[in-house]
């Protein structure tokens, strides 16, 4: 222990002598330059690291997470009734498995007039269930309830169910989907929310 | 043989030079009265953490962190791989034990005033260790990729989305994309297996180093006041006068408790088995009632019971206030009494928090705020409520059953607890009030005006009017009698 520390201890006064002469020593200059050089390397490295981490946010703006997906033929949904439909999320990665399959509640009001609700409760996202007898959507988690038109009936949610924009094309009900709808105010700076939330 | 071992040992130590510092560390003097069973929780937390590292690495030999495969690999661990179920159970129970022991350790340290000068930083690192332990518990629950994990992530995303301005970006960063999918599981795997454990190891090392450098907190004596100017000299004198080497004087209790905890985890694992996985993480299966793991149940209850307007502020500001409070604690009361016998507010605070968390956890066990999703019309209205009723009232019974009133209201002690029990509703509400409540809703009840025909409402209210105890008359609107005139007044008036 003592032998190993003695060598730098002997050198130390020499270094002090050099630096105390109030001039930038060659050694000190190169140390500072070395630190600066590493700072540059860190900045160069930080750009791709931050870019990689933020890609889950920025990717949505570049290519668009949202697109129109078909739910099925208009005839599959009886008028005046609400049925569960499923669709595949438009943005798929190979490791996603079953998680890209998504459910939604389709209410055919009349003719080509539809309302398509996200299953995610507007409180904290649990899957709501439709009870045709009482005409209510009910959430199993914290007791939120919604009327048949998706508006808030009772419980902790602060708003009605999220509603996907929909249209009927070639006899198919299609919705604009692709993003998990979540409550919370729509952000102005950092990215929009999907239209089903607004 | 001993000579040989000694020789090899000296060869290594000549190069490593660790023997002296290790001896110094284990033989450092500690105050005699700290060799107490109250002082074993820190080392027990470390023991369980090491156990989690070992079982976690074993699980990683089989587990596949892919949204498409994770659930199947958990099934393989449970059923196909020899003792896979036991390793999973050890890891799951180890997690529960670790959270519990860390919390007990924290309460002990708080009540013994150990966070006071000069151990402020040890406490602060401990707060971060608690947060990381909870982080491990949550991310671990996600890796058990089942229905609870899937919808739990949805709840996490919904909470994160409420952050002002940055909410949507945080959600996508957390999920690794627009929805809960493969990238989500992969990043929670990275957090659970690399990021948080790496930080934990570093923080545990620092935490322990400080315990060694600053010395274990002495047994608090009422009246022995901590002062910045004199404490360190006093502590030094105490360990000199009344000290004993940690090894072998105090360590045996830590050793016994560590072994006991490992055996307790193993016993729970053997007896109760592994946790889940529950149903497949398929978002199209919505017949599920997601619930968090035990240590987050209180939060689940809190989120149901807070008024909607308070929820977002409570979710966003609450944790900040709690964490800041914990971090600032050693600076707000860094001196003074250490003994719990002279710190009634500290004791009451611990009791209040324990009772609050216990009550919320208890409530989350039977979720009185949730409608009974499966009550439907399967539960018949008991005979005694129908006996001697008119045709109209019986029609009301049918409406009552078919419209699923019992998802939220109990009758004859069967049904949901979301709304009040209806056994004696006629005593509480007059006919007019019943009609209004059914049609317009109010309080926590949805309006059924659009869902019931006038005839159905009349029948339903006629039935509800019969729901009063035998000797007690239903509630009546006194003004009605005046207007109607010909109706007989109830009770004493003739």
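Rule-based calculations on the coordinates, nothing more; no lab input. None of these values were measured; they are calculated from a predicted model. Note that we place each Cβ from the backbone using ideal geometry, even for glycine, and neighbour counts take in every protein chain shown.
Data table
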quantity: For residues of A:144-156, the mean tally of beta carbons on other chains within 10 Å; calculated: 5
quantity: Cα long-axis angle, helix B:391-402 against chain B (0 to 90 degrees, to the nearest 10); calculated: 30
quantity: Degrees, to the nearest 10: B:2-16 long Cα axis against longest axis of chain B; calculated: 80
quantity: Gained length - residue B:359 relative to residue B:271, 0.36 nm times residue gap less alpha-carbon distance; calculated: 29.0 nm
quantity: Part-to-part distance (alpha-carbon centres) for region B:405-419 and region A:107-131, which is given in Å; calculated: 25
quantity: Label-to-label distance, nm, for residues given as residue A:23 and residue B:348 (7 Å Cα→Cβ offset); calculated: 7.2
quantity: Three-way shape label, region A:67-177, alpha-carbon gyration tensor, a/c 1.5; calculated: oblate
quantity: Relative contact order (%) - criterion: Cα under 8 Å, at least six apart; region: chain B; calculated: 19
quantity: Peptide ranges B:234-244, B:442-452 listed from the most packed, as the mean C-beta count within 10 angstrom indicates; calculated: B:442-452, B:234-244
quantity: Protection-proxy order for peptides B:216-226, B:296-306, A:75-85, each taking the mean of Cβ atoms within 10 Å per residue, highest first; calculated: B:296-306, B:216-226, A:75-85
quantity: Residue list for region B:204-230, given a label point 7 angstrom along the Cα-to-Cβ vector of residue B:241 and an amide N cut-off under 16 Å; calculated: B:218-227, B:230
quantity: Rounded if a/c under 1.5, otherwise prolate or oblate - region B:276-377, Cα gyration tensor axes; calculated: prolate
quantity: Estimated 222 nm signal from helices in the protein assembly as shown, with DSSP H stretches of n ≥ 4 weighted -39500 (n - 2.57), rounded to 500; calculated: -16500 deg cm²/dmol
quantity: For residues of B:290-299, the mean tally of beta carbons on other chains within 10 Å; calculated: 1
quantity: Rounded FRET efficiency, nearest 0.05, which uses the C-beta distance separating residue A:67 from residue B:482 and R0 of 56 Å; calculated: 0.25
quantity: Residues B:93, B:37 arranged by fewest to most Cβ contacts within 10 Å; calculated: B:37, B:93
quantity: Residue B:36-residue B:227 FRET efficiency (beta carbon distance; Förster radius 25 Å; 0.05 resolution); calculated: 0.55
quantity: Average other protein chain Cβ within 10 Å of Cβ, residues B:67-77; calculated: 2
quantity: Cα-based shape type of region B:2-366, given that a ≥ b ≥ c are square roots of the gyration tensor eigenvalues and the cut on a/c is 1.5; calculated: oblate
quantity: Nearest-ten-degree value, helix B:454-465 long axis tilted from longest Cα axis of chain B; calculated: 70
quantity: Label-point gap, in nm, between residue B:256 and residue B:321 - each point 7 angstrom along Cα→Cβ; calculated: 4.4
